[in-house]
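Following: one structure in structure tokens, then a few remarks.
The values are calculated or read from the model by the stated rules, or taken from the named source; none is laboratory data. Remember, it's a predicted structure, so these values are computed and weren't measured experimentally. Glycine gets a Cβ as well: all are built from the backbone with ideal geometry, and neighbour counts include every protein chain shown. Calculation scope for accessible area: heavy atoms of the full protein, side chains included, ligands and nucleic acids excluded. Shrake-Rupley method; radii C 1.70, N 1.55, O 1.52, S 1.80 Å.
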Amino acid sequence: MAVTVIVGANWGDEGKGKMTDVLAAKSSYVVRYQGGSNAGHTIINDYGKFALHMLPSGVFNPNVMNVIGPGVALDVESFFKEQEELLLKGVPEPKLCISDRTQIVLPIHRLFDQLEEERLGERSFGSTKRGIAPFYSDKYAKLGIQVSDLFNESRLRNRLEHILETKNILLEHLYHHQPIQMDVMMDEILNQAEKLRPFIRDTSRMLHDALAKGESILLEGQLGALRDPDHGIYPYSTSSSTLAGFAPVGAGLSTYAITNIIAVVKAYSSCVGAGPFISELDGPAAEELRRRGGDAGEYGVTTGRPRRVGWFDVVATRYGCMVQGANQVALTNLDVLGYLDQIPVCVGYKLQDGTITDQFPVSAQLDHVQPIFDYYPGWKCDISAAKSFDELPHNAQQYVDFVESAVNVKVTYVSVGPKREQLIARDV
């Protein structure tokens, strides 16, 4: 029996989709437990290259039940669009189900996300405009719509009327936008409801039963520790908890069920969105790393925006692994660094008052931090064909060992390319 959580140690974009895809082959269930369509996981396999925003990353394994848990912001349009894209590319129809307690992203959430980013202008938070912040705001203001509400028309109408009471006032007087018509929104949601009906289940009961039978469950996180609203670079965070501690809540499992927490870590750093990014590069060095990085360059899966890139940040990564409670690290994109004679790594921060620290500061102290770099010898060769740790060049092995000692967590997986088979498993 195993319940494993896969999470990001940094800003997101670490390669969690590939790790979930690989480990899903050994799992009975893959569960999305938080976030929505505001971030994506890139997966490359025999069927092609896929960007998943809403579907769990186990959909390429026909024996896996893929679950959207109650903690997810369900974007119905994205759900069906991605499902259709899989089928069009020849992927066998995946097994999918959605918790009857999951709440849905409404069209009005996407509208408010866009209008607020436009209103903020230069003060904006770099939203993907997928409606996530307005969705979670409504969820905790008790204005949300659960999927089970969709099949009770009178209850649904009452819920929507309650939402529009305040939303239309804001639309007219703050954003100078025409109000939303109740019947239009009602019709759109009811049309989606009938398409969703076959997927709705009591997934919490299903997963508890699976746990009792000793079946393997994989919980898939979105974004990374530094985007957590409590422990990350607030206010440049997402609106749901990105930590493994939330995984049992968002999936519908008990807290004691978790057995493994794998933090996915990039061999360098990347980031989509605004906020402090201490080891960030600019100019030609940034463009070179961006061009070589990822599977086809460092560009956001959801937004297509060029990712901000930088060198490996020991301070941020050690902190991210700590707050995630990681007992394993998967190190990705090691192959990307093969062009460098020397590999810079950020080993400390110099704060505005001149203090040197190796501890990740609170958000209020991050605005004027300067990175302190150390350097490690590069290996200057292509390592993408390596099948075992022993096949890596000595300097590449040293770099992995450095990461392991720096973050105080065992590196159990090393990725040397974007494909499934380009993954080296090490003894735990």
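Here the relative contact order of the chain, from alpha carbon pairs under 8 Å that lie six or more residues apart, stands at 20 percent. Springs between Cα atoms under 10 Å define the GNM used for the chain, and in it the highest mean-square fluctuation of 40, 71, 338 occurs at 338. Compute the angle between helix 314-324 and the longest alpha-carbon principal axis of the chain, please, reported from 0 to 90 degrees and rounded to the nearest 10. Compared with the principal axis, the helix lies near 40 degrees. Look at the alpha carbon pairs under 8 Å that are at least 6 residues apart: their mean separation over the length of the stretch 70-224 gives a relative contact order of 24 percent.
The distance from the alpha carbon centre of the stretch 268-290 to that of the stretch 8-61 is 23 Å, rounded to a whole number. Once you reduce the stretch 377-400 and the stretch 323-337 to the center of their Cα atoms, the two points are 15 Å from each other.
Rounding to the nearest 10 and keeping the result within 0 to 90°, find how far the Cα-based axis of helix 182-196 lies from the longest principal axis of the chain. The answer is roughly 60 degrees. Per residue, the chain exposes 42 Å² of accessible surface when a 1.4 Å probe is rolled over the protein heavy atoms with every protein chain present. Highest GNM mean-square fluctuation among 372, 180, 217, for the chain modelled with Cα contacts below 10 Å: 180. Here are labelled values, [x] 20.4, 64; [y] 21.7, 67; [z] 22.6, 71, and one is the computed Rg and Dmax of the Cα atoms in Å for what I pasted. Which one? Label [y] holds the value from this structure. Computed over every Cα-Cα pair of the stretch 103-196 and binned at 10 Å starting from 0, the pair-distance distribution P(r) comes out as 15, 49, 29, 6, 0 percent.
Net length available on complete extension from residue 365 to residue 51 is 109.5 nm, with 0.36 nm assigned per residue and the Cα-Cα distance removed. Cα-based values for the stretch 264-425, radius of gyration first and Dmax second, are 15.5, 48 Å.
Note on the chain: helix-only mean residue ellipticity at 222 nm, from DSSP H runs of 4+ residues weighted -39500 (n - 2.57) and normalised by residue number, equals -9500 deg cm²/dmol. Taking a temperature of 10 °C and a viscosity of 1.306 mPa s, what whole-number D in µm²/s does Stokes-Einstein yield for the stretch 171-325 with Rh from Kirkwood over alpha carbon pairs? My calculation gives 83 µm²/s for D. For the stretch 264-425, the fraction of 1.4 Å probe accessible surface lying on carbon and sulfur atoms is 47 percent. Packing around the peptides 345-353, 95-103, taken as the average count of other Cβ atoms within 10 Å per residue, puts them in this order, highest first: 95-103, 345-353. Relative to the longest principal axis of the C-alpha atoms of the chain, give the angle of the C-alpha long axis of helix 107-120, reported between 0 and 90° and rounded to the nearest 10°. The angle comes out near 60 degrees. Here the stretch 103-196 has 49 percent of its accessible surface on carbon and sulfur atoms, given a 1.4 Å probe and all protein chains in place.
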